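The values are calculated or read from the model by the stated rules, or taken from the named source; none is laboratory data. From a predicted model like this one, the values you see are computed outputs, not experimental measurements. In this analysis, Cβ positions are derived from the backbone assuming ideal geometry, glycine residues included, and neighbour counts consider all displayed protein chains. Protein only, heavy atoms only, side chains kept; ligands, DNA and RNA dropped before computing areas. Shrake-Rupley method; radii C 1.70, N 1.55, O 1.52, S 1.80 Å.
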Amino acid sequence: MIQITIDGKNINARKGDNLVDVALANGVYIPTLCYMKGEPCLGTCRVCSVKVGGTVAAACTVPVSHGMEVVVNEPEITDMRKALVESLFAEGNHNCPSCEKSGRCDLQAVGYEVEMMVSRFEYRFTPRVRDYGSEKILLERDRCIFCQRCVEFVRDEETGKKIFSISRRGANSRIEINEELANKMTEEQVARAVDLCPVGTIVEKKIGFNDPIGKRKFDIKSIRDRALEGAMK
């Protein structure tokens, strides 16, 4: 075992464990969007930014080591995380009231968690054409935050090939789907892909609003409570 400090609190941990998981196990919630426990770290969204030894780092990319000093909740770093979330809302087109994922959307839930009311950044409303090509999946490209969960964790079961990908670069980036492979996906695979997406980009056709308002995932319990509860299991 090693010892680290998080916000001045001494914590025992196993060397090399992920900082997000160590913090959660000790009752300290760090917002995440691209990170999934048990899956390889992507480090794409940076919403889990904290200070490690005085330097800002994405917590999901940090393996803990003895003597590490971590700051999660101080005004500068909490405002930085809030700004990152605001930038995601400004860059995409997130109309929560009309989104199928509302109440089940990680970005929306994290927005509440960081107490975002409106983005300090100018909204871009970047036009991105929807993709209806797959028989089972609709891509709402405006909502994609390029976390790459679907790209890395959804693959064709026979060949192992990626079903989703990111094309182009910078402001012109967009999510793509391999229609041939997507049409072979089982119902379970489609449901997992929808669930993996932290926003409402991957939508299962013919389903839409499958849970009534008030009974959706984050209507019932906040993303913080769910994360902390999961860490205790």
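Considering each residue of segment 196-228, count those that are under 13 Å from the mean Cα position of the chain (by Cα) and hydroxyl-bearing (Ser, Thr, Tyr), and give that number.
Adding up the residues that qualify gives 1.
Which numbered condition in (1) under 18 Å from the mean Cα position of the chain (by Cα); (2) open to solvent by 60 Å² or more (accessible area, probe 1.4 Å); (3) over 17 Å from residue 230 (Cβ atoms) is the only one that residue 38 fails?
(3)
For segment 204-212, check the following and say yes or no: at least one residue is open to solvent by less than 70 Å² (accessible area, probe 1.4 Å), free of Cβ contacts under 8 Å to residues at least 60 places away in the same chain and outside any strand (DSSP E or B).
no
Search segment 179-197 for residues that are open to solvent by 30 Å² or more (accessible area, probe 1.4 Å) and pair each with any residue that is at pLDDT 95 or above and hydroxyl-bearing (Ser, Thr, Tyr) when their beta-carbon atoms are under 8 Å apart and the residues are at least 6 apart or on different chains.
Sorted first by the residue in segment 179-197, then by its partner, the pairs are 179/134; 183/134.
Output the residues belonging to segment 163-195 that are under 19 Å from the mean Cα position of the chain (by Cα) and basic (Lys, Arg).
Scanning segment 163-195 gives 174, 192.
Which ones in segment 156-178 are surrounded by fewer than 16 Cβ atoms within 10 Å (Cβ to Cβ) and of a type in the set (Lys, Arg)?
161, 168, 169 - these are the residues of segment 156-178 that are surrounded by fewer than 16 Cβ atoms within 10 Å (Cβ to Cβ) and of a type in the set (Lys, Arg).
So is residue 201 at pLDDT 95 or above and open to solvent by 50 Å² or more (accessible area, probe 1.4 Å) or not?
No: the conditions fail for residue 201.
Filter segment 98-113 down to the residues that are within 19 Å of residue 221 (Cβ to Cβ) and crowded, with 18+ Cβ neighbours inside 10 Å and list them by number.
101, 102, 103, 104, 105, 106, 107, 108, 109, 110, 111, 113
Please find, within segment 128-141, the residue that is nearest to residue 207 (Cα to Cα) out of those that are open to solvent by 30 Å² or more (accessible area, probe 1.4 Å) and either out of contact with any helix residue (DSSP H, G or I) (no Cβ under 8 Å at 6 or more places or on another chain) or in contact (Cβ under 8 Å) with a residue 60 or more places away in the chain (or both). Before you say what the answer is, go through the steps one by one.
So the first thing to find is which residues in segment 128-141 are open to solvent by 30 Å² or more (accessible area, probe 1.4 Å), and the list is 129-130, 132-133, 135-136.
Cutting the leftovers down to either out of contact with any helix residue (DSSP H, G or I) (no Cβ under 8 Å at 6 or more places or on another chain) or in contact (Cβ under 8 Å) with a residue 60 or more places away in the chain (or both) gives us 132, 135-136.
Numbers: 132: 14, 135: 13, 136: 10 Å.
Per the criteria, the residue is 136.
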